[in-house]
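Colleague: Attaching a single structure in structure tokens format; questions to follow.
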Amino acid sequence: MSSYYWVKLIHIITIIISFSLFFIRGYWVLVDSSRLDRPWVKVLPHVNDSILLLSAITLTVLIAQYPFVQAWLTLKVVLLLIYIALGMVAIKRGRAKPIRVGAWLAALAVFAYIVMIALTKSANPFGIGLTY
């Protein structure tokens, strides 16, 4: 099997882990769980997301498609930054619980949009507003 296969597999696995960790941490914020203070909860997401980022960069090189060249990849990067910002508000920075919950739900929606873009390799995965 090619290196592309293995890098993509690692990328997909780390996406699933990243989403799962974010989802559960968001739930723990909702229920005011003390589990958020466990050391592994503070370290594991950063380790996983570092591997995720490395695999993403490797994939862009392997497929020779780059942000700011391909629109779909550019949009994924922009949405990733929005997802990270919303995640920070949801997990750490939001002062009031309604703000944290809203940021968590918005981040989940942005994540779903990123996945749709990745699956279709289109900046407009739903084809809304396009006329040719």
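The values are calculated or read from the model by the stated rules, or taken from the named source; none is laboratory data. From a predicted model like this one, the values you see are computed outputs, not experimental measurements. Note: ideal-geometry Cβ built from the backbone for every residue, glycine included; neighbour counts use all protein chains shown.
Colleague: Does TYR27 meet the test of being within 26 Å of ASN124 (Cβ to Cβ) and either out of contact with any helix residue (DSSP H, G or I) (no Cβ under 8 Å at 6 or more places or on another chain) or modelled with pLDDT under 95 (or both)? Let's see the steps before the verdict.
Modeller: On the way: within 26 Å of ASN124 (Cβ to Cβ): no; either out of contact with any helix residue (DSSP H, G or I) (no Cβ under 8 Å at 6 or more places or on another chain) or modelled with pLDDT under 95 (or both): yes.
Here the answer is no, as TYR27 does not meet what is asked.
Colleague: Sort out which residues of the stretch 1-19 are loosely packed, with under 14 Cβ neighbours inside 10 Å and either under 15 Å from ILE114 (Cβ atoms) or touching a Gly at 6+ places or on another chain (Cβ under 7 Å) (or both), and write them in order of number. Don't jump to the end; show me each part of the working.
Modeller: Applying the first criterion (loosely packed, with under 14 Cβ neighbours inside 10 Å) to the stretch 1-19 yields 1-6, 9, 12, 16.
Of everything in the stretch 1-19, those that are loosely packed, with under 14 Cβ neighbours inside 10 Å and either under 15 Å from ILE114 (Cβ atoms) or touching a Gly at 6+ places or on another chain (Cβ under 7 Å) (or both) turn out to be ILE12, ILE16.
Colleague: Which residues, taken from the stretch 103-118, are more than 13 Å from PHE23 (Cα to Cα) and out of contact with any Phe, Trp or Tyr (no Cβ under 6 Å at 6 or more places or on another chain)?
Modeller: TYR113, ILE114, VAL115, MET116, ALA118
Colleague: Right, next: Note down all Cβ pairs under 9 Å where the first residue falls in the stretch 30-51 and is at negative phi and in contact (Cβ under 8 Å) with a residue 40 or more places away in the chain, the second is surrounded by 12 or more Cβ atoms within 10 Å (Cβ to Cβ) and hydroxyl-bearing (Ser, Thr, Tyr), and they're at least six residues apart or on different chains.
Modeller: Filtered contacts from the stretch 30-51: ILE51/THR14.
Colleague: Among the residues of the stretch 20-28, are any loosely packed, with under 13 Cβ neighbours inside 10 Å, under 27 Å from LYS8 (Cα atoms), of a type in the set (A, V, I, L, M, F, W, C) and within 18 Å of the chain's Cα centre (by Cα)? Reasoning before the result, please.
Modeller: Residues of the stretch 20-28 loosely packed, with under 13 Cβ neighbours inside 10 Å: 20, 27.
Keeping just the survivors that are under 27 Å from LYS8 (Cα atoms) gives 20.
Checking which are of a type in the set (A, V, I, L, M, F, W, C) leaves us with none.
No: the stretch 20-28 contains no residue that is loosely packed, with under 13 Cβ neighbours inside 10 Å, under 27 Å from LYS8 (Cα atoms), of a type in the set (A, V, I, L, M, F, W, C) and within 18 Å of the chain's Cα centre (by Cα).
Colleague: Filter the stretch 1-15 for residues that are of a type in the set (Gly, Ala, Ser) and free of Cβ contacts under 8 Å to residues at least 12 places away in the same chain and give the result.
Modeller: Within the stretch 1-15, just SER2 meets the criteria.
Colleague: Any residue at all in the stretch 47-64 that is farther than 23 Å from SER3 by Cα and touching a Pro at 6+ places or on another chain (Cβ under 9 Å)? Reasoning before the result, please.
Modeller: The initial filter retains those residues of the stretch 47-64 that are farther than 23 Å from SER3 by Cα, namely none.
Within the stretch 47-64, not a single residue is farther than 23 Å from SER3 by Cα and touching a Pro at 6+ places or on another chain (Cβ under 9 Å).
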